[in-house]
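Let me begin by presenting the structure, written as C-alpha cells, before commenting on it.
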Amino acid sequence: MGEMHTPIISDTSKHPANLLIASTSPLSGKSAFAVGIGRALQGQGYAVGYCQPFLLAHDYDQLAPDHVGFIREALRLRGENDARIAPVHLSAADLADALRDSRVATSDFQGEVVRAFGTLACDKDVMLIEGPDTRDEGSVLGLTAADQALLLNAQVLVVVRGHESALLDRVIAFKRELGDRLLGVVLNVIPRASLSYFTTTLVPALERMGVMVLGVLPEDRTLRSVSAGQVASYLDGRILCAEEQSGALIEHVVVGAMSVETAIDHLKRRERTALVTGGDRTDLLTAALAMPDVVETMAAFILTGDLYPSPRILSVAATKGIPVVLVRHDTRTSTDLLDKVFGRVRFAQARKIDRFSALLAERFDFVRLAQALGLD
C-alpha cells in the first residue's frame, strides 16, 4: 500500500465545506441525498460541486448506466466531465487488473482523486462527495469512506437504511473509525409501521451516544419505483409503442392471470401500475384501454411469453401514451423478477427529484447541517 496523502484542504476559510455522504449498505440513498442536499444549498445561493472519487460498477448499474451523467445534470454542473467527477471508475475486471499490476499503488489512485477534486472544488462553496457503498468498500485501494474523508478533509454524513440488521452496531463502527469527522447520520427508507420506534427510541439513543441524527425518512413508493424503460432493460424486453413514455414510473404491479372484472377492479384501486399479462389476453387489454380511470393510472403493459398483441391494441396504447413492453419470460417469472427490482435501482429518474426534495424539506434538518458545515 502507498502512503496516505495528507489532507489537501487545511484552511477552511479559503476552501469549500466538504461533505462526504457514506452509507452502511448499497442502494441506501447516497445519490438522492447528494442531489437533494445539493439543490437545496444551490437554492440558498451556494455554489455546489459534486465528486464520486471511487465508483465501482455493480450489477444493478445496468438499470442506470449513466449514473454520473444524471447527477451532473440534476445539479446543473456545467462544464464538468464524467472522468473528473468519478476519477477512479472501475469495473470488477478493472479492479482485478489493477490488483495484478504491481506497478499500481494505492497512492496512484489517491493522487488521481486529489487532482480531480482540487479542480472541481476550486470555485465552490460546498463540495458533496459520494462515498463507497459500505464502510469497507475501497479498502484495497486506500479509498474507503474514512480514507476519502481524510484525503479530502471532509465531514461525513452516513445514510442508513431502516431495515438493516445490527443498525446501531454499523453506525457505531463508523463513529469509531471516523471520530470527529462523523457529522451525523440520516435514517432512510424506514417502514412506516416502524416510524414511531425510530423517532421515539432509536433517535434519542443515537443522540445519547454522540451521533447527531439529521433526519428520519419513511419508505416511499415513488422512490422505490422503476421506469418502464428500466423494466424493458431488466427483463431483456422491447418497447413496442409509446417509447417516448419509457420514463413512466411503475409503483405497483397487477398480474392479469384472473378474470377481466377482477383485474380491472385491482387496476382501478392503484396508481402508476403495470399490468403483467400474456399478449394474447386481448379481452383484458381491450377492457383496460377502454376505461378512462384505468388509462389515467396505467404506467405500462408488460406482455409476457413473447406473444405479440393485436395491431389494434398497439395502436390504441400508442394513442393513449401507454408503453407496451414485450418480454420472453412467462408471467410468473416476469413477476418474480419485477419483485426483485423494486427499490434496487439507483436514483436515476428526474421525476423522483421533486418527491425526494419534498421529503427532505419535511424531514431533514438543514439548519443543523448548515451549522455543522459552518455555513450559517
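Nothing in this text is a laboratory measurement; each read-out follows from the coordinates by a stated rule. Here the structure is a predicted model, which is why all the values come from computation and not from measurement. With ideal geometry, Cβ positions are generated from the backbone for all residues, glycine too; neighbour counts draw on all protein chains shown.
Inverting the mean 1/r over all pairs of different Cα atoms, compute the Kirkwood radius of the range 226-341 and quote it in Å.
In the range 226-341 this quantity evaluates to 13.4 Å.
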Exercise. What are the residues whose amide H is under 5 Å from the amide H of Ser25, where those residues sit 5 or more places off or on another chain and H is modelled from the backbone?
Worked result: Arg161
For this session: At 7 Å along the Cα-to-beta-carbon direction for both Thr119 and Glu243, put a label point, then send me their distance in nm to one decimal.
Result: 3.5
Exercise. Most fluctuating residue of Ala83, Ala17, Ala300 in a GNM of the chain with Cα springs under 10 Å: which is it?
Worked result: Ala83
For this session: Taking the dipole about the Cα centre of the chain, with the C-beta of Lys and Arg at +1 and of Asp and Glu at -1, give me whichever of Leu267, Ala248, Gln155 is farthest to the positive side.
Result: Leu267
For this session: Specify the inter-centroid distance of the range 237-277 and the range 95-166, based on alpha-carbon positions, in whole Å.
Result: 41
For this session: May I ask for the net charge around Leu157, where only other residues with Cβ less than 12 Å from the Cβ of Leu157 are counted and Lys, Arg are +1 while Asp, Glu are -1?
Result: +1
Problem set entry | Farthest positive-ward along the chain dipole, Cα basis, beta-carbon charges - from Ile37, Val327, Thr277 | Ile37
Seminar exercise, completed: Quick note, the range 93-183: a/c under 1.5 would make it rounded; otherwise a/b > b/c is prolate and the rest oblate (a ≥ b ≥ c, C-alpha gyration tensor); here it is oblate
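Quick one: which of 195-205, 288-298 comes out on top by average Cβ neighbours within 10 Å, and what's the full order, highest first? Please list the in-between numbers first.
Working: 195-205: 13.8, 288-298: 16.0.
The most tightly packed comes first, giving 288-298, 195-205.
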Exercise. Picking from Thr24, Thr119, Thr144, which is most flexible by a Gaussian network model of the chain using Cα springs under 10 Å?
Worked result: Thr119
Exercise. For the range 200-205, in order, what is each residue's ³J(HN,Hα) by Karplus, 6.51 cos²θ - 1.76 cosθ + 1.60 with θ = phi - 60°, in whole Hz (x at glycine and Pro)?
Worked result: 9, 10, 6, 4, x, 5
Seminar exercise, completed: Phi-derived 3J(HN,Hα) across the range 89-97 with the Karplus relation (6.51, -1.76, 1.60, θ = phi - 60°), rounded Hz, x for Gly and Pro, is 10, 10, 8, 4, 5, 4, 5, 4, 4
Exercise. What number comes out for the charge environment of Ala193, summing +1 per Lys or Arg and -1 per Asp or Glu over other residues with Cβ under 15 Å away?
Worked result: 0
For this session: Run the quick spin-label model on Val260 and Ala290: label points 7 Å from Cα toward the beta carbon, then report their separation in nm to one decimal.
Result: 0.5
Problem set entry | Most mobile listed residue (Ser31, Ser165, Ser91) in the chain, GNM with C-alpha springs under 10 Å | Ser165
Problem set entry | Sequence-distant residues sharing a close amide H with Gly278 (under 5 Å, placed H) | Thr304
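To the nearest 20 debye, what is the magnitude of the charge dipole of the range 135-200 about its Cα centre, counting +1 on the Cβ of each Lys and Arg and -1 on the Cβ of each Asp and Glu?
240
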Exercise. For the charge dipole of the chain, defined by +1 on Lys and Arg C-beta atoms and -1 on Asp and Glu C-beta atoms about the Cα centroid, which residue among Gly118, Ile21, His89 has the Cα displaced farthest towards the positive pole?
Worked result: Ile21
Problem set entry | the chain - share of DSSP beta bridges that are antiparallel (%, nearest 5) | 15
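Could you list the trypsin sites (Lys or Arg not before Pro) in the range 95-187 that lie in coil according to DSSP, counting only those with at most 16 other Cβ atoms within 10 Å of their Cβ?
Passing both the DSSP loop test and the Cβ count: Arg103.
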Exercise. Magnitude of the Cβ-charge dipole of the chain, K/R +1 and D/E -1, about the Cα centre, nearest 20 debye?
Worked result: 600
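How much mean residue ellipticity at 222 nm does the chain get from its helices, if each DSSP H run of length 4 or more adds -39500 (n - 2.57) and you divide by all residues, to the nearest 500 deg cm²/dmol?
Calculated at 222 nm, the ellipticity per residue is -11500 deg cm²/dmol.
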Exercise. Which pairs break 29 Å Cα to Cα here: Lys30/Lys340; Lys268/Lys340; Lys175/Lys340?
Worked result: Lys175/Lys340
